[in-house]
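The values are calculated or read from the model by the stated rules, or taken from the named source; none is laboratory data. These figures come from a predicted structure and were not determined experimentally. Note that we place each Cβ from the backbone using ideal geometry, even for glycine, and neighbour counts take in every protein chain shown. Areas reflect the complete protein model, heavy atoms only, side chains present, ligands, DNA and RNA absent. Shrake-Rupley method; radii C 1.70, N 1.55, O 1.52, S 1.80 Å.
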Amino acid sequence: MNKCLVAFATTLLLTFSTITSAITLSDIQLLFSKKQVVRADFTQDRYINGLTSPIHSTGKMIISKELGLWWQQNTPFAMTLKMNQQRMEQCIEDQTPEIITAEKQPQLFQFNHLLTAIFTADKEMLENNFDITVTEQNNIWTLTLKPKLAPLNKIFKQIILSGKSYLEKVTINDMQNDKTELTFKNHKTTKLNQDEQLLFR
């Protein structure tokens with residue numbers, strides 16, 4: 001009987017040890033800071049109340065510490081988004097690009113800065129805006145962000161990030177009970193070539 005109890009306790013302890021938070025936000029920030037450029041393919045599924053199936057889209061993204069974010073949605077329609085600290089440009093298919101600057105829309109660029117903070121695990125920015133829980137299981141870290149300030153806490157319930165060496169999944173739960181899931185794969189971190197640098201212009 002005692003042997004059974006010891007075995008059970010050992011199993012429980014080992015199980016618990018795999019889900020205890022062994023990694024910190026600082027560790028994740030350090031992991032991300034080593035990469036000047038990250039490219040990845042993405043899939044996005046938006047689950048909206050009232051719709052029987054998610055809205056599915058796919059594309060590619062590049063995030064560069066120097067140049068910002070380039071986001072190319074390929075399906076179900078073409079959409080390009082370029083974003084840096086001062087300027088955001090969105091172009092849907094062959095339409096005229098819409099350009100927004102930080103000077104004209106400062107509140108919108110707060111979201112821009114937060115999005116960048118999420119992709120770079122900016123510790124100071126995240127801690128200022130979210131209650132944060134970090135866990136790790138089987139070498140996969142999970143970062144759960146719960147907004148603590150308006151307007152974020154009026155829009156989002158929580159944002160969950162997870163990955164190993166890279167950010168691999170983002171789940172956004174909003175206050176309308178809708179959910180967005182983003183999955184990233186085929187990550188590459190080589191320097192931008194000349195053609196890729198032109199994408200940010």
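Here are the numbers for the structure shown:
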quantity: Whole-number accessible area per residue in Å² for the stretch 34-93, which is evaluated in the context of all protein chains at 1.4 Å; calculated: 55 Å²
quantity: Probe 1.4 Å - accessible area at Ser57, Å² to nearest ten; calculated: 10 Å²
quantity: Scattering profile of the chain at q = 0.11, 0.15 Å⁻¹ [log10 I(q)/I(0), Debye over alpha-carbon scatterers]; calculated: -0.59, -1.05
quantity: Gain on full stretching of the segment that runs from Asn153 to Tyr166 - 0.36 nm per residue minus C-alpha separation; calculated: 2.0 nm
quantity: Whole-number percent relative contact order across the chain, with pairs defined as alpha carbons under 8 Å at least 6 apart; calculated: 22 percent
quantity: In Å², nearest 10: area of Phe130 left accessible to a 1.4 Å probe; calculated: 10 Å²
quantity: Mean ellipticity per residue at 222 nm, deg cm²/dmol - from DSSP H runs of n ≥ 4 across the chain, formula -39500 (n - 2.57); calculated: -8500 deg cm²/dmol
quantity: Hz values of 3J(HN,Hα) by residue in the stretch 60-73 - Karplus curve (6.51, -1.76, 1.60), Gly and Pro given as x; calculated: 10, 9, 9, 10, 10, 4, 7, 10, x, 10, 10, 10, 10, 7
quantity: Peptide ranges 150-159, 93-102 listed from the most packed, as the mean C-beta count within 10 angstrom indicates; calculated: 150-159, 93-102
quantity: Residue-count net charge about Thr43 - beta-carbon cut-off 9 Å; Lys, Arg +1, Asp, Glu -1; calculated: -2
quantity: Tensor-based shape of the stretch 77-148 (alpha-carbon gyration tensor, a/c under 1.5 rounded, otherwise prolate or oblate); calculated: oblate
quantity: Helix runs (DSSP H) in the chain reaching 20 Å along axis by Cα, Kyte-Doolittle at least 1.0; calculated: 2-19
